[in-house]
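The structure appears below as structure tokens.
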Amino acid sequence: MPKQNNRKNEHVSLSEKFYEQGVSSFKDIRFVHHSFPQMDVKDVDLSVSFNGLDFEVPFFINAMSGGSRWTGKVNEKLAIIARETGLAIATGSVSAALKDPEQESTFKVVRETNPKGLVFANLGAGHGLKNAKKVVDILQADALQIHINAPQEIVMPEGDREFSEWISNLQEIAEGLDVPVIAKEVGFGMSRETIHLLESIGIKLIDISGSGGTNFAQIENYRRTDQKLDDLESWGQTTVESLLEAQEVVQHAHIIASGGIRRPIEIVKALSLGASLTGLSSQFMHMALEDVEQAIETIQGWKSELASTMTLLGAKSITDLQKTQLIISGQSADWCTARNIS
Ligand code: FNR
């Protein structure tokens, strides 16, 4: 790993340092076992399609890397994994390339390595339509993620302090961009009020990215040299709580689940809670940094593990999974009561 003098390098190496420290909220979710699946494993279709985007499998490599020499190399590894496994891939925020065009290559490498795959660009909600078009163009991206990360900015020593224009920026981008726009949290989750607000400005794809995995309050606190904002490390909703908050919209909007998803069973649980797709970041970062060949093999194994688990649930498709009976306990059940979610 490189010497730490760059924010992007620090984010990647700190996410690896804290890898697996988060407590996944999916432990609160259990399935009801029925003894007769009444289908065969070969009947399972893992593909998902929405808004003109066709995914071979219901999980993808979520936004992380690019913006420095080292994270460009990391992006290349992630793109090889995406290409060899058929996964979609998002880059980290391309804003670094808008500030310094020399960094463009550290993002473009994803498209060059993976010319036929689904590639998403990523940008912060502080940007407007002009920059959104630029980053889509740089990557020839199939979609654009706009990250909404107020708690991270607040804890980040050099972070943004002006959030009042975020909604109008998002609306302008959603109305003016030719590719689908995904509004995305970064590990603090979403409330039903946020989700309704996003819908009201025309956003149809929403990544609720909840807590339980990468914790950007923890990462930014670690980077702070002055007083730390420790209490914000437990800020926000878990991924399960956010999916419960999204229940009212899962029938008409497409909810993407991310945050603390590390294993196939958690992918299945997130899909059963209504997500159309799941995104994994730190887990794939960890696997890419360890061994790319092994990562490819593991992911291929996950596809059959997903099909096996779906068979046990009698689900031939991702849509079928959304009809699965779930038992919700612990903190997630308390959340349902407090927020009147049935
Ligand atoms: C991220 N994440 C992120 N998200 C985003 O929208 N733009 C970005 O540039 C980044 N950068 C980034 C760097 C690193 C190293 C990590 C680990 C993550 C957030 C990420 O996409 C996701 O929302 C959270 O990390 C939660 O998922 P995991 O890591 O718990 O699977």
**Q.** Centre separation in Å (Cα based) which lies between the range 209-236 and the range 44-121
**A.** 25
Q | Expected 222 nm ellipticity per residue - DSSP helices of 4 or more, -39500 (n - 2.57), all of the chain, to 500 | A | -12500 deg cm²/dmol
Q: Scale the Cα Rg of the range 13-60 by the rule-of-thumb value 2.2 N^0.38 Å and send over the ratio, two decimals.
A: 1.79
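Pop out the Kirkwood hydrodynamic radius of the range 221-261 from its pairwise C-alpha distances, inverse of mean 1/r, in Å to one decimal. List each step's numbers first, then the result.
Numbers: mean 1/r = 0.0789 Å⁻¹.
The Cα-based Kirkwood calculation yields 12.7 Å.
Suppose we look only past 18 Å in the calculated P(r) of the range 17-109. What percent of the Cα-Cα pairs does that tail hold?
Details: 2796 of 4278 pairs.
That fraction is 65 percent.
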Q) What nm value, rounded to one decimal, do you get for the distance between D231 and K17 when each label is placed 7 Å out toward the C-beta? A) 2.5
**Q.** Descending Cα extents along the principal axes, the chain, whole Å
**A.** 58, 43, 39
Q) Rounded to the nearest whole Å², what accessible area per residue is found for the chain with the 1.4 Å probe? A) 44
Q: May I ask you to derive the relative contact order of the range 190-342, considering only C-alpha pairs under 8 Å and at least 6 residues apart, and to give it as an integer percent?
A: 22
Q: Run down the aspartates and glutamates and flag those whose C-alpha is under 16 Å from the C-alpha of K99, throwing out any fewer than 8 positions away in its chain.
A: D137, E158, D160
Q | Per-pair calculated FRET efficiency, R0 = 56 Å: E102 and D43 via Cβ, rounded to 0.05 | A | 0.65
Q) Going by accessible area, probe 1.4 Å, with all protein chains left in place, what is the ranking of K133, K323, K77, largest first? A) K323, K133, K77
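With the Cα gyration tensor of the range 187-342 giving a ≥ b ≥ c as the square roots of its eigenvalues, does the rule (a/c under 1.5 for rounded; else a/b larger than b/c for prolate; else oblate) give rounded, prolate or oblate? Walk me through the numbers on the way to the answer.
Details: a/c = 1.81, a/b = 1.08, b/c = 1.67.
Verdict is oblate for the range 187-342.
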(Q) Checking the a/c ratio against 1.5 first, then a/b against b/c, what shape does the Cα gyration tensor give for the range 167-268? (A) oblate
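Greater than 27 Å separation of Cα atoms is the criterion. Which listed pairs, K42/K77; K108/K130; K8/K77; K27/K303; K133/K228; K130/K184, meet it? If you can, show how the numbers build up before the last one.
Values: K42/K77 31 Å; K108/K130 19 Å; K8/K77 16 Å; K27/K303 21 Å; K133/K228 36 Å; K130/K184 19 Å.
Beyond 27 Å: K42/K77; K133/K228.
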**Q.** Overall form of the range 171-215 per C-alpha gyration tensor (a/c, 1.5; a/b vs b/c)
**A.** oblate
Q. Quick one: net charge of I265's neighbours, Cβ under 15 Å, K/R +1, D/E -1?
A. +3
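Anything in the chain that counts as a DSSP H helix reaching 24 Å or more along its axis (C-alpha) with Kyte-Doolittle mean of at least -1.0? List them, would you? Don't skip to the answer; put the middle values down first.
Working: long enough: 69-85 (25 Å, -0.55); 292-312 (30 Å, 0.00).
Qualifying helices, which must be both long enough and hydrophobic enough, are 69-85, 292-312.
Over the range 64-147, what is the mean sequence separation of C-alpha contacts under 8 Å (at least six apart), divided by residue count, expressed as relative contact order in percent?
Values: 161 pairs, mean separation 25.3, N = 84.
Averaging sequence separation for qualifying contacts and normalising by length gives 30 percent for the range 64-147.
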Q: Enumerate the aspartates and glutamates that K73 could reach by cross-link, defined here as Cα to Cα under 20 Å, with residues fewer than 8 away along the same chain left out.
A: E10, E16, E84, D100, E102, E104, E112, E290, D291, E293
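The values are calculated or read from the model by the stated rules, or taken from the named source; none is laboratory data. Bear in mind that the values here come from a model prediction, so they are computed numbers and not experimental data. Cβ sites come from the backbone with ideal geometry, for glycine too, and all protein chains shown count toward neighbours. The protein model used for the area step is the full one, side chains on, heavy atoms only, and it has no ligands, DNA or RNA in it. Shrake-Rupley method; radii C 1.70, N 1.55, O 1.52, S 1.80 Å.
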